[in-house]
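These notes concern the structure reproduced below.
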Amino acid sequence: MLDYDVGAARHDAAREDVPRAGSAARAVLALVPEGARTLLDVGCGTGLVTERMLRPGLRVFAVDASAGMTRIAAERLGGGLVSGDCRRLPFADGCLDAVSAVWLLHLLPDAAAVVAECARILRPGGVLVATVDHDAGHDMGSDVSELLAPYRPARAHDATLRVLTVGAEHGLRRSGEARFTGHGQGMSPSRAAGEVARGGFAPVRALGPEQSGALARRLSLLPDPEVPRADPVYRLLALRKEA
């Protein structure tokens, strides 16, 4: 996994941040019941999405384990931010109305433990909203996607069925879903080739220099090398805790 303490200062700029953050936050809030009074954003990173989740009557908290990320997030979120492990959240049982986990579960081999923790801190009737099938969201049928597809993990940590199964074990049932666009993340062949060559593209990070170099060359030879392909479309799943 990437070192988020080291990369925190580049995090927002590298993600051409604001349009995508706004898109994610709006989609999350669309799945949070109007009557919710408290929401925790788990794995908040620099707080760019979290700060856009504010709405009248909703008190927003955030948690992240990276000291580098939380230093930046503190400037945006103030007193609602805590440092903590998403597998052992520093909140009491049944104390929150909603929990969000955006672009988090796909990074964690033990994503099931995070879902279980989110279920623990939700009150009966509370809702967990999480991105699922992250890597599939990048498969937009482009020539770049076609070359990268064989290197995506066969068993995603955030696969919908896996999240639903673990959720059901902890009293969570599907209550809705939404989609949002990852603005600015549509890769051109040249950008994808650069990411592969630098080892910055997670699905191919385990490749050796010879394999990654060959893949980067194939990407760089695609037509219109500087033209970005379609932006990814991410999926959000809402799970409600049974009363």
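The values are calculated or read from the model by the stated rules, or taken from the named source; none is laboratory data. The shown structure was predicted, so the numbers you read here are calculated from the model rather than taken from an experiment. Glycine gets a Cβ as well: all are built from the backbone with ideal geometry, and neighbour counts include every protein chain shown. The area values use the complete protein model at the heavy-atom level, side chains included, leaving out ligands, DNA and RNA. Shrake-Rupley method; radii C 1.70, N 1.55, O 1.52, S 1.80 Å.
Of note:
- Within the chain, antiparallel bridges make up roughly 50 percent of the DSSP beta bridges whose residues both belong there.
- Cα-projected label distance for residue 230 with residue 67, points at 7 Å along beta-carbon direction, nm: 4.4
- Note on region 80-143: along the principal axes its Cα atoms extend 48, 24, 23 Å, ordered by decreasing extent.
- In terms of Cα atoms, the Rg and Dmax of region 151-243 work out to 17.9, 56 Å.
- The accessible area of residue 66, taken with all protein chains in place and a 1.4 Å probe, comes to roughly 10 Å².
- In Hz, Karplus ³J(HN,Hα) per residue of region 102-112 (6.51, -1.76, 1.60; θ = phi - 60°; x = Gly, Pro): 9, 6, 10, 4, 5, 7, 10, x, 9, 4, 4
- Our coupling estimate for region 132-144, obtained by passing each phi through the Karplus curve with A = 6.51, B = -1.76, C = 1.60 and θ = phi - 60°, is 10, 6, 3, 5, 4, x, 8, 8, 9, x, 7, 5, 5 Hz, Gly and Pro reported as x.
- Taking amide hydrogens as placed 1.01 Å from N in the peptide plane, the amide H of residue 176 sits under 5 Å from those of 238, each at least 5 positions away in sequence or on another chain.
- Using a Gaussian network model of the chain in which every pair of alpha carbons under 10 angstrom is joined by a spring, one finds that among 171, 79, 137 the greatest mean-square fluctuation is at 79.
- Between amide H atoms placed 1.01 Å from N, distances below 5 Å from residue 187 occur with 229, all of them 5 or more places distant or on a separate chain.
- Placing a pseudo-label 7 Å from each Cα along the Cα-to-Cβ vector at residue 198 and residue 174 gives an inter-label distance of 3.8 nm.
- When all protein chains stay in place and ligands, DNA and RNA are ignored, the 1.4 Å accessible-area order of 187, 140, 53, largest first, is 140, 187, 53.
- With all protein chains modelled, accessible area of residue 61 [1.4 Å, Å²]: 40
- Using a cutoff of 8 angstrom between alpha carbon atoms and counting only pairs six or more residues apart, the relative contact order for the chain works out to 21 percent.
- Stretching the chain fully between residue 110 and residue 30 yields a gain of 26.1 nm (0.36 nm per residue, less the alpha carbon separation).
- Divided by 2.2 N^0.38 Å, where N counts the residues, the Cα radius of gyration of the chain comes to 1.02.
- Ranked from largest to smallest solvent-accessible area, with a 1.4 Å probe on the protein heavy atoms, 82, 127 come out as 82, 127.
- The label point for residue 93 and the one for residue 210, both projected 7 Å from the Cα toward the Cβ, are 5.6 nm apart.
- Cut-off under 5 Å, modelled amide H: who pairs with residue 41 long-range: 61, 62, 63, 100
- A simple rule links phi to the HN-Hα coupling: the Karplus curve 6.51 cos²θ - 1.76 cosθ + 1.60 with θ = phi - 60°, which for region 191-207 gives 5, 4, 4, x, 4, 4, 4, 7, x, x, 9, 3, x, 10, 5, 7, 5 Hz, with x for Gly and Pro.
- The chain - percent of accessible surface contributed by carbon and sulfur, probe 1.4 Å: 55
- Cα lying deepest toward the dipole's positive end in the chain, options 56, 201, 211, charges on Cβ: 56
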